[in-house]
Amino acid sequence: MKYFQKFAHYLPAYREEFARIEVKSLLEIGVRDGGSLQYWRRQYPDAEVTGIDIDPSCIEHEEDHIRVFIGDQTDREFLSKVAAERGPFDVIVDDGGHKPRQQQISFETFWPHLRSPGCYCVEDLNMGYWVSYSGLRAFSGGFMSYAHQLTHLLNGYWHRLHPSSFWHRTPAMTHELTKVTFRDSIVFVHKGEHRTPITVANEREL
């Protein structure tokens, strides 16, 4: 058993958020000692697990059904190559550098390579509140604040009712963004089929 360390409340959160997803391919950004890759392998024994890390020594954690790629999570070209070779993914977990810019670039690059239904998880967002670490002003929240903006896209169908709104040009992401779940230090962004909301006319329609 390799070294594995995460906040205790993450584990039941994974089970709940990923429960309705058939996980056949999982990507984790941040390999470190390889323990989390083995954790995912045990949780989803039929899945292909992919890891990304900037430390060349992490390549030693490769084994059957686990591939490790060495590169920077802010390098869009590198990320795209990993996605082309190993994607699409059912679940993506960002436990990498933990800095807001790293998290945002990885999310924007990998989101198109996430299957539907699927889930993108970003961990350890507590660090986004630390000025000394994130480089942002106090209480900016880092990716936590970025994820809050995603809730506007989740409600994108309604912006079209107000052409003067800043959000009136709703991106295509609205059609595939189904849920954004906020927990302590962790966010889950769900991908699926998000149809135009309809109104139930009467009880017979229920």
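What follows draws every value from the coordinates through simple rules; no lab data is involved. Note that the coordinates shown come from a computational prediction; the quantities given were computed from them, not determined experimentally. Cβ: placed from backbone, ideal geometry, glycine included. Neighbour counts: every protein chain shown.
Give me Asp55, Asp95, Asp75 sorted ascending by neighbouring Cβ count inside 10 Å, so fewest comes first.
If I rank by nearby Cβ atoms, fewest first, I get Asp55, Asp75, Asp95.
By the beta-carbon count within 10 Å of each Cβ, the least crowded to most crowded order of Leu125, Leu27, fewest first, is Leu125, Leu27. For segment 10-56, GluC sites (Glu not before Pro) are listed when DSSP marks them as loop and at most 15 other Cβ atoms sit within 10 Å of their Cβ; the list is Glu22.
Just to be sure I follow the definition: excluding the sites themselves, where is the longest run in the chain that has none of the chymotrypsin sites (Phe, Trp or Tyr not before Pro) in a DSSP loop with at most 15 other Cβ atoms within 10 Å?
Here the longest segment lacking exposed loop sites spans 8-129.
Amide H contacts of Val93: Leu27, Glu28, Ile29, Cys121, each under 5 Å away and 5 or more positions distant or on a separate chain (H built 1.01 Å from N in the peptide plane; Pro and chain starts excluded). Taking amide H positions as modeled 1.01 Å from N, with prolines and chain starts lacking one, the residues under 5 Å from Leu114 and 5 or more places away or on another chain are Phe89. Taking the chain as the region of interest, the number of lysine pairs whose Cα atoms are within less than 23 Å, with members eight or more places apart or on different chains, is 9.
Which order do Ile105, Ile92 fall in if you start with the one that has the fewest other Cβ atoms within 10 Å?
The most exposed by this proxy come first: Ile105, Ile92.
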